[in-house]
Amino acid sequence: FSSHQPINSTEKACMLRPLEAPFRYLFGPGPSNVPPRILAAGGRPIIGHMHSEMFGIMNDIKKGIQYAFQTSNNMTLAMSGSGHTAMECAVFNIVEPGESVLVAINGIWGERVAEIAERMGAKVHTLFKTPGGHFTNAEIEQALAKHKPVLFFLAHGESSSGLVHPVDGVGDICHKYNCLLLVDSVASLGAAPLLMDQQNIDILYTGSQKALNAPPGTAPISFSERACHKMFNRKTKPVSYLLDMTHLSNYWGNDGKPERKYHHTGPVSGFFALRESLAILAEMGLENSWSHHTEVAEYLWKGLEDLGLKLFIKDKDLRLPSVTTIAIPEGYDWKELLAYIMKHHQIEFTGGLGPSVGMVLRIGLMGYNCNKANAAMALAALEDALKQCRKSKA
Ligand code: PMP
């Protein structure tokens, strides 16, 4: 060993320090705090990703997602990765290079999907509104007729602006133009009503770390028969091997083949936690979860208005119950407000994201975090910060 002397001693010294992860109230747009029951599920001894018990757990997860999404789609599974993995999976598998895609951009999520589609060689067309805006079905239909896309993207819960987008009728319009409807419910699932089959959504995805309260890193997704027909009759292979639904559908036992083959090593602990979070949602019931989020959000909205703050989304019916956006009050530096609240109250709120940076503060109360006691705590912290952080208006 004499000629192989380790030289990286500062790196080693760093690793000899214990892990430090403080407790924080995660009242931003995600991740949300994870309840002990889900943490405990994720902390169970792992088993092999190809063990029959694991396949059983994955089958349960599929059922849990079918319930949460309100779909009977066979092609339902969880991605090994965050919400972006599901976004890429949807676009990469449905769209072939050179095909047209229409993306509704009214915040960061449309921007992201447009970039993902552009990178894989799609022709990207956009419908645009500034953050807080939404699209009428007539506007959507006009753009579909003009661009004839194979896929239309809409964010149901636009977490950068705090808007919940109407979805009724959009699927039917898409199908009239032979287009598939892709909907992002990362920030809205469990918080605002969404019914995949009844609303004719072709591809729906969400994330584990918002109202589901599982740790970040897994992302439920489901494909309609129409979507399966398009993605399994491609001329070209999707650009990503990892996200290729031909392989993933086999890994999840959705392709009807007798043998499930190794494709990648799924996040076993993440799947345990996801199963538990889907079980909690099923125990509570979707309708209860939706009404509970609305009730707590209304309590928060009233408290914010009582503090003299203005809600960014004026129309109550278009406000996302899980993520509330507040117009940055005049005479304040938003970064200072957030830093004060983190330092003195151990609470995370956030500023805007992408095009809404500098426009809004965001408070998220989702799933386990969604209760009036937490809303009252958030309001008290904000009231304190508003007293302490006012800039002189000289
Ligand atoms: N879509 C929406 C609406 C989101 O809020 C987020 C996460 N903030 C994402 C997609 C991306 O999810 P992830 O960060 O898990 O990749």
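The values are calculated or read from the model by the stated rules, or taken from the named source; none is laboratory data. What you see is a predicted model, and the numbers here were worked out from it, not measured in a lab. Neighbour counts are summed over all protein chains in view; Cβ atoms, including those assigned to glycine, are modelled from backbone coordinates with ideal geometry. Areas reflect the complete protein model, heavy atoms only, side chains present, ligands, DNA and RNA absent. Shrake-Rupley method; radii C 1.70, N 1.55, O 1.52, S 1.80 Å.
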Return, for the Cα atoms of region 141-216, the radius of gyration and Dmax in Å, separated by a comma. 13.1, 41
Could you tell me what percent of the accessible area of the chain is made up of carbon and sulfur, with a 1.4 Å probe and every protein chain present? 55 percent
Could you go through region 247-254 in sequence order and give the Karplus-derived ³J(HN,Hα) for each residue, using 6.51 cos²θ - 1.76 cosθ + 1.60 with θ = phi - 60°, rounded to whole Hz, and x for Gly and Pro? 6, 5, 5, 6, 4, 8, x, 9
The alpha-carbon center of region 261-319 and that of region 176-207 are separated, in whole Å, by 16 Å
Mind grabbing the base-10 log of I(q)/I(0) for region 54-117 at q = 0.26, 0.30 Å⁻¹? Debye formula, identical points on the C-alpha positions, no solvent, two decimal places. -1.11, -1.21
Taking a quarter of the surface of the Cα convex hull of region 282-336, what do you get in nm²? 4.8 nm²
Net charge within 11 Å of ASN178 by Cβ-Cβ distance, Lys/Arg positive one each and Asp/Glu negative one each, not counting ASN178 itself? +4
Using 0.36 nm times the number of residues separating TYR241 and SER52, minus their current alpha carbon distance, what extension gain do you get? 65.6 nm
Longest segment of the chain lacking chymotrypsin sites (Phe, Trp or Tyr not before Pro) that sit in a DSSP loop with at most 13 other Cβ atoms within 10 Å: 24-240
Apply the Debye scattering formula to region 263-394, with a single equal point scatterer on each alpha-carbon and no solvent, then give log10 I(q)/I(0) at q = 0.15, 0.16, 0.17, 0.23 Å⁻¹. -0.79, -0.86, -0.94, -1.38
HN-Hα J couplings of region 123-136 from phi, Karplus 6.51/-1.76/1.60, θ = phi - 60°, integer Hz, Gly and Pro as x? 8, 9, 10, 10, 10, 10, 9, 6, x, x, x, 9, 10, 7
Of all beta bridges DSSP finds with both residues in region 85-194, what is the antiparallel percent, to the nearest 5? 10 percent
Which of the GluC sites (Glu not before Pro) found in region 234-316 are loop residues per DSSP with 15 or fewer other Cβ atoms within 10 Å of their Cβ? GLU259
Just the number please: accessible area per residue for the chain, 1.4 Å probe, all protein chains included, in Å². 46 Å²
Measure of compaction for region 72-198 (Cα Rg per 2.2 N^0.38 Å): 0.98
Are there GluC sites (Glu not before Pro) in region 1-100 that DSSP puts in a loop and that have at most 13 other Cβ atoms within 10 Å, and which ones? GLU20
Helix-only mean residue ellipticity at 222 nm, the chain, DSSP H runs n ≥ 4 weighted -39,500 (n - 2.57), per residue, nearest 500. What is it? -12000 deg cm²/dmol
Let me see the pair-distance distribution of the chain: every alpha carbon pair, 10 Å bin width, integer percents in order. 5, 22, 29, 24, 14, 4, 1, 0
Given a 10 angstrom Cα cut-off, can you work out which residue in GLY30, GLY352, GLY56 is the most mobile in a GNM of the chain? GLY56
Region 11-117 - Rg (one decimal) and Dmax (whole number), Cα, Å: 19.0, 53
Rounded to 5, percent antiparallel among DSSP beta bridges of the chain: 50 percent
Per-residue ³J(HN,Hα) for region 207-220, Karplus 6.51 cos²θ - 1.76 cosθ + 1.60, θ = phi - 60°, Hz, x for Gly and Pro: x, 7, 9, 9, 5, 6, 6, 8, x, x, x, 9, 8, x
Take the Cβ-Cβ distance between ALA373 and GLU20 as r, set R0 to 25 Å, and report the resulting FRET efficiency rounded to the nearest 0.05. 0.35
Singleton cysteines, the chain, no second Cys beta-carbon under 4.7 Å -> CYS14, CYS89, CYS228, CYS370, CYS389
Taking region 246-346, the lysine pairs whose C-alpha atoms sit under 25 Å apart (8 or more places apart or on different chains) add up to 8
